[in-house]
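The values are calculated or read from the model by the stated rules, or taken from the named source; none is laboratory data. The structure presented is a predicted model; accordingly, all values stated were derived computationally and were not measured. No Cβ is skipped: glycine too gets one built from the backbone with ideal geometry, and neighbour counts run over all protein chains shown.
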Amino acid sequence: MALKYKYGKREEIPAEQAGFYVERDGAFVLDAEGVVDRAKHEEFRQNNIALANQLKRFEGIDPDAVRQLTEEKRQLEEAAQIKAGEVDKVIEARLRTARADWDKQHRVVVAERDALHGRLTAIQIDQAVVNEATKRGLRATAIPDITSRARMTFKLVDGVPQAFDGERMRTGKDGVSPMTLAEWVEALVSDAPHLFEANAGGGAAGSGSGGAGHRSVRNPFRKETWNVTEQMKIEKSDPQLAARLKATA
């Protein structure tokens with residue numbers, strides 16, 4: 001008996017087949033790799049047919065020849081306008097074209113600038129939170145987790161990571177001053193202890209601290225904490241962070 005792809009309700013699934021279905025988008029569908037809903041498959045096929053028909057309209061057309069003809073047409077129209085004494089219209093049309101080209105280029109530059117700013121912001125926030133969290137014994141395997149949390153909480157304000165709740169600034173322990181990275185990490189030690197070494201909350205000593213300070217940085221690229229497994233995990237999950245850790249090793 002062939003398995004049905006989708007059921008609207010769990011009760012409709014034969015008991016002996018229940019294990020083959022998972023709930024998805026309000027229905028129960030066959031949990032099988034490569035299986036596609038027949039309706040979606042037909043929609044995809046029809047879209048392909050429509051696209052192929054549209055492409056047939058442009059068969060045999062040379063794009064370069066079309067652009068050349070368009071330019072020649074524009075030049076003829078301009079010549080006719082100048083001959084008729086309509087120089088202002090020619091200038092206005094050229095300015096309109098130049099403005100459209102400039103606007104297009106400007107949008108590209110702005111998009112690239114915003115993308116670069118976003119990446120720089122993420123790098124600065126990542127570096128700041130990792131530096132602070134390693135003082136509390138951050139696990140190397142927890143770096144992707146804590147940086148993800150930080151990116152959802154912090155924004156750069158005048159080059160300094162600032163914690164926010166939506167658009168509202170998050171305050172620190174005094175209820176007035178902005179929350180610091182140290183306070184945020186301190187809260188994580190209690191709220192997400194799995195991100196830190198077991199004794200991170202007790203102020204375990206680092207090398208040469210005499211038992212009074214926090215844990216030393218656990219960098220898997222350093223000689224004293226060398227760990228190839230952790231190195232591979234970080235390089236796979238966050239190559240930029242791996243590069244920074246290598247540089248400070």
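Give the residue that is farthest from Glu71 (Cα to Cα), with candidates limited to residues of the range 81-104 that are among the small types (Gly, Ala, Ser) and part of a helix (DSSP H, G or I). I'd like the intermediate steps shown before the answer.
Within the range 81-104, the subset among the small types (Gly, Ala, Ser) is 84-85, 93, 98, 100.
Filter once more, keeping what is part of a helix (DSSP H, G or I): 93, 98, 100.
Numbers: Ala93: 13, Ala98: 14, Ala100: 16 Å.
So, considering only residues that are among the small types (Gly, Ala, Ser) and part of a helix (DSSP H, G or I), the one farthest from Glu71 (Cα to Cα) is Ala100.
Quick one: would you say Ser237 is at pLDDT below 85, in contact with a Pro (Cβ under 7 Å, 6 or more places away or on another chain) and surrounded by fewer than 16 Cβ atoms within 10 Å (Cβ to Cβ)? Outline the logic, then answer.
On the way: at pLDDT below 85: yes; in contact with a Pro (Cβ under 7 Å, 6 or more places away or on another chain): yes; surrounded by fewer than 16 Cβ atoms within 10 Å (Cβ to Cβ): yes.
It is true that Ser237 is at pLDDT below 85, in contact with a Pro (Cβ under 7 Å, 6 or more places away or on another chain) and surrounded by fewer than 16 Cβ atoms within 10 Å (Cβ to Cβ).
May I ask you to list the residues in the range 107-130 that are surrounded by 15 or more Cβ atoms within 10 Å (Cβ to Cβ) and in contact (Cβ under 8 Å) with a residue 60 or more places away in the chain?
Narrowing the range 107-130 to residues surrounded by 15 or more Cβ atoms within 10 Å (Cβ to Cβ): 121-122, 124-130.
Listed by number, the residues that qualify are Asp126, Gln127, Val130.
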